[in-house]
Amino acid sequence: MNVPVQWVKCDVTNCYSGHTTTVEHNDNVIPRLREVFEQFPDFPMNIDLKNGSDELIEKVNEMVCEFERESFTVWGSVHNSVCKKMYAMNPRIPLFFSLARVVMVYLILITGLLPFWPLRESCFEFCLPSLMIERIGVRSRVPLIARCLLLCFDTFLLHRLVCFHLQRRGLKVYVFVLNEEEDYDYAMRLGVDGIMTDYPTALKQYYGANRDSDPALRLLSNGQN
């Protein structure tokens with residue numbers, strides 16, 4: 001089956017309004033998963049399944065095992081029913097939280113029971129809803145009560161102590177999708193293990209420029225060595 005090509009010009013929604021990216025040298029072919037695994041055999045990857053068919057889950061699992069990537073490939077889905085099937089298929093592959101499970105963590109957090117609640121997932125991946133609203137320019141269209149709820153969500157769920165608690169339990173904490181330097185700063189203050197971005201070169205430059213002066217980045221660097 002042929003894979004469709006990427007658009008030559010795409011909007012980058014997780015930035016201030018008006019950012020776009022353009023494909024250069026006609027390099028707009030979307031690679032297959034096998035090709036990505038072959039090109040980057042030792043590179044950690046995150047796989048988000050949009051289709052929860054049993055066949056797709058089985059084929060992805062077989063490929064992850066074939067390339068011996070079970071320890072450093074994270075998979076999951078926004079749908080909890082799909083995550084359940086993925087975990088049942090291969091519990092050795094790190095699993096990230098579905099949307100329903102993220103909400104569940106928030107509810108358990110405010111009850112004070114999170115330290116006692118069993119978690120099957122290995123990675124906690126979250127976005128910054130209030131920042132995303134600011135970036136994509138829809139603040140004026142979001143009701144005030146919704147903005148207040150998002151502020152509470154950020155304040156409680158993304159608190160550094162919560163990240164620290166999950167990390168102490170052996171989970172990795174990642175935040176997506178951050179494309180602005182001020183957001184990198186915020187994520188580092190939270191103590192996350194990693195940042196997902198549309199601009200990896202910019203993030204690498206930020207890391208190189210700040211890791212000697214930022215304690216969080218020094219700690220991250222030491223943890224990788």
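The values are calculated or read from the model by the stated rules, or taken from the named source; none is laboratory data. Only a predicted model underlies this, so the values are computations on that prediction, with no experimental measurement involved. Every residue, glycine as well, gets a Cβ built from its backbone with ideal geometry; the counts of neighbours run over all protein chains shown. Quick note on the areas: whole protein, heavy atoms, side chains included, nothing else; ligands and nucleic acids left out. Shrake-Rupley method; radii C 1.70, N 1.55, O 1.52, S 1.80 Å.
Annotations
Residues checked against (1) at pLDDT below 95; (2) open to solvent by 70 Å² or more (accessible area, probe 1.4 Å):
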{"site": "6", "(1), (2)": "yes, yes"}
{"site": "27", "(1), (2)": "yes, yes"}
{"site": "66", "(1), (2)": "no, yes"}
{"site": "106", "(1), (2)": "yes, no"}
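- Summed over region 65-106, the residues that are without any contact (Cβ under 8 Å) to a residue 12 or more places away in the chain and either touching a strand residue (DSSP E or B) at 6+ places or on another chain (Cβ under 7 Å) or closer than 14 Å to residue 48 by Cα (or both) give a count of 1.
- Pairing residues of region 39-53 that are at negative phi with residues that are among the aromatic types (Phe, Trp, Tyr) and surrounded by 10 or more Cβ atoms within 10 Å (Cβ to Cβ), at Cβ distances under 6 Å and at least 6 apart in sequence or on separate chains, gives 44/72; 47/75.
- Residues of region 184-225 satisfying the condition of being polar (S, T, N, Q) and either open to solvent by less than 70 Å² (accessible area, probe 1.4 Å) or modelled with pLDDT under 85 (or both): 197, 210, 213, 221, 222, 224, 225
- Residue list for region 82-104, filter: at pLDDT 95 or above and assigned to a helix (DSSP H, G or I): 82, 83, 84, 85, 86, 87, 88, 89
- Total residues in region 32-64 satisfying the condition of being part of a helix (DSSP H, G or I), open to solvent by less than 90 Å² (accessible area, probe 1.4 Å) and among the polar types (S, T, N, Q): the figure is 1.
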